[in-house]
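Participant: Shown below is the structure under consideration.
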Amino acid sequence: MTARIDPERVRALNSAVPRGGRFVLYWMQSTHRTQENPALRFAVERANRVHLPLVVYFGLWRSYPDSSVRHATFLLQGLREVAASLESLNVRFVLRIERPDRGFIRLAKDAALAVVDRGYLRLHRAWYRTAQEGCPCPLHQVEGNVVVPVGTASEKEEYSAATFRPRVTRRLARFLHPVGDAVPERSSLSLDLPSLAGDSTESLLSRLGADPSVPPSGRFVGGTSEAMRRFGEFVDRRLDGFAGSRRDPGGDGGSGMSPYLHYGQVAPWVLALRVQEETGDGPAAFLEELIVRRELAVNFVHYNDRYDSFGALPGWAQRTLALHRDDPREVVYGKADLVRAATHDPYWNAAQRELVTTGMMQGTMRMYWGKKILEWSDPPEEAYATALVLNNTFGLDGRDPNSYAGVAWCFGKHDRPWKERPVFGTVRYMNARGLERKYRMDRYLERAGVPE
């Protein structure tokens, strides 16, 4: 299997003419790894071609939305590993606390050529526009956090997994291969470029002023090596039963990869190629989650600019929830009650505490969690906003296409109308009895550390 960068991953962001410079610059924005990073490989190859050293830049922004000590710690743990890896490659890692797009432009003034990877959120797109307008040298973007590039998978927003699945599946063989790595020919370590890469995590957290009310996860540590350790354990112990256990709240069937994928600390095709080496039903079920469902979420965020609002929902869902917006609720909880997991429902409370404590939530319980916020809030627009705030504040995989799509699904996105009922209208309903009928919920309460 030949390692390569598919041309569909690469696009020119400006039409600047080639010029001389001190170095080639890679702005590491969303792909926080040195292994199987197509943007890094592209930058290294271009630097070698023009016989210049490579500089890698990362900007830490104090005002990043919903950022906390939890998010910043996980990110910095990954970047510490990146810094060590780049130093072993004789590459200068310039880490600074500043708005990233502006920091990039300042560095690009001395660059012969620049490269950036690709994120999909509105903020990321705004940064890339600023970079396009201000970068004086040729600027290329290289997409490295999906298996099939978003524009290649589909040219429009897809209605559901059923419409997206055949599109992405028929293109999969073309992109499911290693990207490989490249080694710089020239060292940039002697370049006089101030950097905070050598500062401690504690010092950087202090200088960032990150919200201390959400402490680091007690379960997850950031970085590519930790991601691969966890994934190896998943493949060895749980992949074989994943098809049957992935939805069971009381089990431990998940891979735990979503935080690492969110920060670009692991390449999705690396995970996909690894599970394809195994037999049984587990690999197909895992690839459905990793590629079809996750990249459907990227499709949603890429093509729907209202992805973080109630207006992102399909028309049928907005209409049915509007028709039932004045239905009486049996109980209404404010955001403060929800944050504290102070509801009458032990299963919901357990899910919220799991999120608050670990930064993650079991998949079925995340769906139940979102449905109950809709049921207990008035009006539905407030429920939507509350679910996003809780998810983005506490989830290590918050502020991510997968999370925005997951919250939207609870309100009807990527789904179809069901039987009509109060409050929900024809949006799919979930209740505690359904959980108890399908699963041993006592095991979930025990696993989540909540008394039954």
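Participant: Enter the Cα centre distance for the pair region 182-224 and region 122-136, rounded to the nearest angstrom.
Facilitator: Between the Cα centre of region 182-224 and that of region 122-136, the gap is 23 Å.
Participant: Label-point separation (nm) for Glu8 and Trp418, each offset 7 Å from Cα along Cα-to-Cβ?
Facilitator: Distance between label points: 3.4 nm.
Participant: While we're looking at this one, here's another question. Can you find, among Ala111, Leu208, Ala84, the residue farthest towards the positive end of the dipole of the chain? Put +1 on the C-beta of Lys and Arg, -1 on that of Asp and Glu.
Facilitator: Ranked along the dipole, the leading option is Ala111.
Participant: Within 12 Å, Cβ to Cβ, of Pro379, how many net charges do the neighbouring residues add up to if Lys/Arg are +1 and Asp/Glu are -1?
Facilitator: After counting each charged neighbour, the total is -3.
Participant: Return the whole-Å distance between the Cα centroid of region 1-29 and the Cα centroid of region 62-110.
Facilitator: Region 1-29 and region 62-110 have Cα centres spaced 19 Å from each other.
Participant: Spelling out what I want: for every residue of region 259-265, take phi, set θ = phi - 60°, compute 6.51 cos²θ - 1.76 cosθ + 1.60 (Karplus), and round to whole Hz; glycine and proline get x.
Facilitator: Values, residue by residue: x, 6, 5, 4, 8, x, 7 Hz.
Participant: Kindly put Asp101, Asp240, Asp305, Asp192 in sequence by how many other C-beta atoms sit within 10 Å of each C-beta, fewest to most.
Facilitator: With the sparsest Cβ surroundings first, the list reads Asp192, Asp305, Asp240, Asp101.
Participant: Can you work out ³J(HN,Hα) from phi for every residue in region 338-343, in order, using Karplus 6.51 cos²θ - 1.76 cosθ + 1.60 and θ = phi - 60°, giving whole Hz and x for Gly and Pro?
Facilitator: Coupling constants for region 338-343: 5, 4, 7, 6, 9, 10 Hz.
Participant: Quickly estimate the mean residue ellipticity at 222 nm for the chain, helices only: each DSSP H run with n ≥ 4 gives -39500 (n - 2.57), and the total goes over all residues, rounded to 500.
Facilitator: -13500 deg cm²/dmol
Participant: Also: Please list, by residue number, every one of the trypsin sites (Lys or Arg not before Pro) in region 77-145 that is coil in DSSP and has at most 14 other beta-carbon atoms within 10 Å.
Facilitator: For trypsin sites (Lys or Arg not before Pro) across region 77-145 that sit outside H, G, I, E and B with at most 14 neighbouring Cβ atoms in 10 Å, the list reads Lys109.
Participant: May I ask for the distance between the Cα centers of region 305-342 and region 379-405, given as a whole number of Å?
Facilitator: Cα centroid to Cα centroid, the span is 12 Å.
Participant: Evaluate 2.2 N^0.38 Å with N set to the residue count of the chain, then give the Cα radius of gyration divided by it.
Facilitator: 1.00
Participant: Long-range amide H contacts for Leu60: which residues qualify at under 5 Å (H placed 1.01 Å from N, peptide plane, sequence gap of 5 or more or a different chain)?
Facilitator: Close amide H contacts, sequence-distant or interchain: Arg96, Ile97, Glu98.
Participant: What full-extension length gain, to one decimal in nm, is calculated for Ser63 and Arg186 as 0.36 nm per residue of separation minus the Cα-Cα distance?
Facilitator: 40.8 nm
Each value in this text was obtained by applying a stated rule to the coordinates, not by laboratory testing. This one's a predicted model, so the numbers in the text were calculated from it and none came from an experiment. FYI the Cβ positions are ideal-geometry reconstructions off the backbone, even for glycines, and counts take in every protein chain you see.
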